[in-house]
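J.: Pasting a structure below so you can have a look.
Since every read-out is calculated from the coordinates, none of them should be taken as a lab result. Note that the structure is a prediction, hence the values are computed from the model and not measured. Cβ placement follows ideal geometry from the backbone for every residue including glycine, while neighbour counts extend to all protein chains displayed.
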Amino acid sequence: MSEMLNKYCAKIFGKTGVIIEIGVVKKVTNRTVHVDWGKKTWIYQNKDFKWVPLSKEDFEQRYKKPKFSDGALLRAAELELKITYN
């Protein structure tokens, strides 16, 4: 579980695939996962945690700029993620 620490998660809006929030996994215990979504840190039970945490490089490669909301782009800049069109 510790391999999830400091990895990134994305909340996606419906079927459009637009990323509305970016989170960072801050703490992992045997029962819970703590994710910092910028405004708040949410604590999820392991069974309720539905994201695949990605490293910075994987996140930048997987998600491209047209799929980000304005708020998510601001959060990406705050986290120093390089979001491109290609």
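J.: With each pseudo-label sitting 7 Å past Cα toward Cβ, what's the Lys56-Val18 distance in nm, one decimal?
T.: Modelled inter-label distance: 2.8 nm.
J.: Relative contact order for the chain: what percent, with Cα pairs under 8 Å and sequence separation of 6 or more?
T.: Worked out over the chain, it gives 27 percent.
J.: Along the positive direction of the dipole of the chain (beta-carbon charges: Lys, Arg +1; Asp, Glu -1; about the Cα centre), which of Asn30, Tyr8, Leu81 reaches farthest?
T.: Asn30
J.: Pulled fully out, how much extra length does the chain show between Glu3 and Trp37, if you take 0.36 nm times their separation in residues and subtract their Cα-Cα distance?
T.: Value of the extension gain: 10.4 nm.
J.: Still on this structure: Pull out the extension gain between Leu74 and Lys27, defined as 0.36 nm times the separation in residues minus the alpha carbon to alpha carbon distance; nm, one decimal.
T.: Taking Leu74 through Lys27 to full extension adds about 14.6 nm, to one decimal.
J.: Right, next: Taking the Cα centre of the stretch 7-79 as origin, work out the dipole magnitude from +1 charges on Lys and Arg Cβ and -1 charges on Asp and Glu Cβ, in debye rounded to 20.
T.: In debye, rounded to 20, the stretch 7-79 gives about 200.
J.: Loop-only check: which GluC sites (Glu not before Pro) in the stretch 31-86 are DSSP coil with at most 14 other Cβ within 10 angstrom?
T.: Those that pass, being in a loop and sparsely packed, are Glu80.
J.: So, one more: Given axes a ≥ b ≥ c from the Cα gyration tensor, I'd like to know whether the stretch 40-86 is rounded (a/c under 1.5), prolate (a/b larger than b/c) or oblate.
T.: Here the stretch 40-86 falls in the prolate category.
J.: Convert each backbone phi in the stretch 3-13 into a coupling constant with the Karplus relation 6.51 cos²θ - 1.76 cosθ + 1.60 (shift: θ = phi - 60°), then list the ³J(HN,Hα) values in order as whole Hz, x for Gly and Pro.
T.: 5, 7, 4, 6, 9, 9, 10, 10, 8, 10, 8
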